[in-house]
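I have placed the structure first, in the form of structure tokens, so that the comments after it can refer back to it.
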Amino acid sequence: MRVLIIGSSHSWQMERGTERALKRAGHKTLLVDDRRASRVIGRKLTQKWVTSRARRFNPDFVILSKCLGLDLDTVATIVDGKPSSMWYQEPQWYKATYRPDVTHIIAVGKLSHTFFVSGFDAEWRALGLPAKFLPAAADRDIKPVAPRKSFHSDVSFIGNGNDPSRAQFLLKIAKKYDIKVWGKGWEKWRKPLNWSGRAVEGKDFAAVCSSSNISLGVDHDRVKGGKGYTSDRAWMVILAGGFYLGHGTPGLTQMLRGGDHCDWYTDTDSCLAKIDYYLKSSAQRERIRREGQVFVRGNHTFDQRIHNLLSGEAFVNPLA
């Protein structure tokens, strides 16, 4: 099948990971980065350029991302007469219909045959979209690396510092344990959180996960209440060799078994207690780390998700 993907061409993003999985499955692909084109040649020329590339490629199927670099008429032309799907992984913004980018995403989603979303699917259906739940995923090529002293800490967190509630949670952890935070936007808490001063991708991401005793997952305040909401970060951390300790939200705890693939906390006190337990239980920690990698690699990579994207079928939880 010839599959056109509209979205980011960055090697670390969902669109590129999906393309690699499609190629491994024997499909012919074309990935067009609409936003990058818009920055380079301007929005007006981007419409003509993307439309021309799509016409020449003549896809059998179209996978859409946000399409923020495209006008709705352009998107409609590209998907006209073609089966299509969209996969949106920032579902917490369903309430922000006052934002022009969210309004655009809703309009694009209505042009697709299936609007896959990694959480809050009922809320998106209420907005008139053909929404189905499809968890985020990770690239199967993410692998553990040899631990490195410069990346070591008892507890690590990888993510942005744009949510004060997340920072307050981590500050409570930092009062008791050796923590190191990686990502952008932590300047205000640089010293108490032992902020690295930078984001990590690729082998450095794997080095953080493989070198830390515990890799924390801390949800953004905006995703609270999302049954089954999944960030790709959980899958990525586990594949990269991390022992993942995350916030046990409804639905998510049904996709990864605590004590087998990772473990869960419910609040600050339970998180502190779990950290204490696992720092003293290295054998348990390493067993869960290994079993988690095997499970995620077999069930939660882009290679498993492309079936849903192409068929429009709903996600089936392998643990259900």
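Numbers for the structure displayed
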| quantity | calculated |
| --- | --- |
| Extended-chain gain in nm, criterion 0.36 nm per residue less alpha-carbon gap, Ala273 and Ala126 | 49.0 nm |
| Residue of Pro100, Pro130, Pro59 that the Gaussian network model of the chain assigns the largest fluctuation, springs spanning Cα pairs under 10 Å | Pro100 |
| Sulfur and carbon atoms: percent of accessible area, segment 45-143 [1.4 Å] | 51 |
| Under Karplus coefficients 6.51, -1.76 and 1.60, residue-wise ³J(HN,Hα) of segment 285-300 in Hz, glycine/proline x | 4, 5, 4, 5, 4, 5, 5, x, 4, 4, 5, 5, 5, x, 9, 9 |
| Carbon + sulfur, % of accessible area of segment 216-309 - ligands and nucleic acids excluded, 1.4 Å | 49 |
| Average accessible surface area per residue within segment 163-243, 1.4 Å rolling probe, Å² | 42 |
| Correct choice for Kirkwood radius over Cα pairs in Å that was computed from the model, options (i) 21.9; (ii) 20.5; (iii) 22.5 | (ii) |
| FRET efficiency estimate (nearest 0.05) - Cβ-Cβ, Ala314 to Arg55, R0 25 angstrom | 0.20 |
| Reachable lysines from Lys184, criterion Cα separation under 26 angstrom, eight or more residues apart if same chain | Lys66, Lys95, Lys143, Lys149, Lys172, Lys175, Lys176, Lys203, Lys224 |
| Extension gain, Asp154 back to Ala96 (0.36 nm per residue minus Cα-Cα distance, nm) | 17.2 nm |
| Enclosed volume per residue, in Å³, of the convex hull spanned by Cα atoms of segment 202-294 | 89 |
| Gyration tensor verdict on segment 89-135 (Cα atoms; rounded if a/c is under 1.5, prolate if a/b is larger than b/c, oblate otherwise) | oblate |
| 5 angstrom amide H check on Ile142, placed H, neighbours 5+ away | none |
| Using θ = phi - 60° and Karplus 6.51 cos²θ - 1.76 cosθ + 1.60, couplings along segment 127-144 (whole Hz; Gly, Pro as x) | 8, x, 9, x, 7, 9, 6, 9, x, 4, 8, 10, 7, 5, 7, 5, 9, x |
| Three-way shape call for segment 28-181 based on the alpha-carbon gyration tensor, with the a/c threshold at 1.5 | prolate |
| Computed [θ] at 222 nm, helices only, for the chain once each DSSP H run of length n ≥ 4 contributes -39500 (n - 2.57) | -12000 deg cm²/dmol |
| Tensor-based shape of segment 152-309 (alpha-carbon gyration tensor, a/c under 1.5 rounded, otherwise prolate or oblate) | rounded |
| Most mobile listed residue (Ala234, Ala167, Ala136) in the chain, GNM with C-alpha springs under 10 Å | Ala167 |
| Globularity index of segment 3-45, i.e. its alpha-carbon radius of gyration over 2.2 N^0.38 Å | 1.25 |
| Extent along principal axes [Cα atoms of segment 1-117; Å; largest to smallest] | 40, 29, 29 |
| Sequence-separation-based contact order of segment 1-119, relative, with Cα cut under 8 Å and 6+ spacing, percent | 25 |
| Accessible area per residue in Å² at 1.4 Å probe, computed on segment 1-131 | 45 |
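The values are calculated or read from the model by the stated rules, or taken from the named source; none is laboratory data. Everything numeric here is computed off the predicted structure, so don't read it as measured data. We place every Cβ from the backbone using ideal geometry, glycine too, and count neighbours over all the protein chains shown. When the accessible area is computed, the model is the full protein with side chains, heavy atoms only, and any ligands, DNA or RNA have been set aside. Shrake-Rupley method; radii C 1.70, N 1.55, O 1.52, S 1.80 Å.
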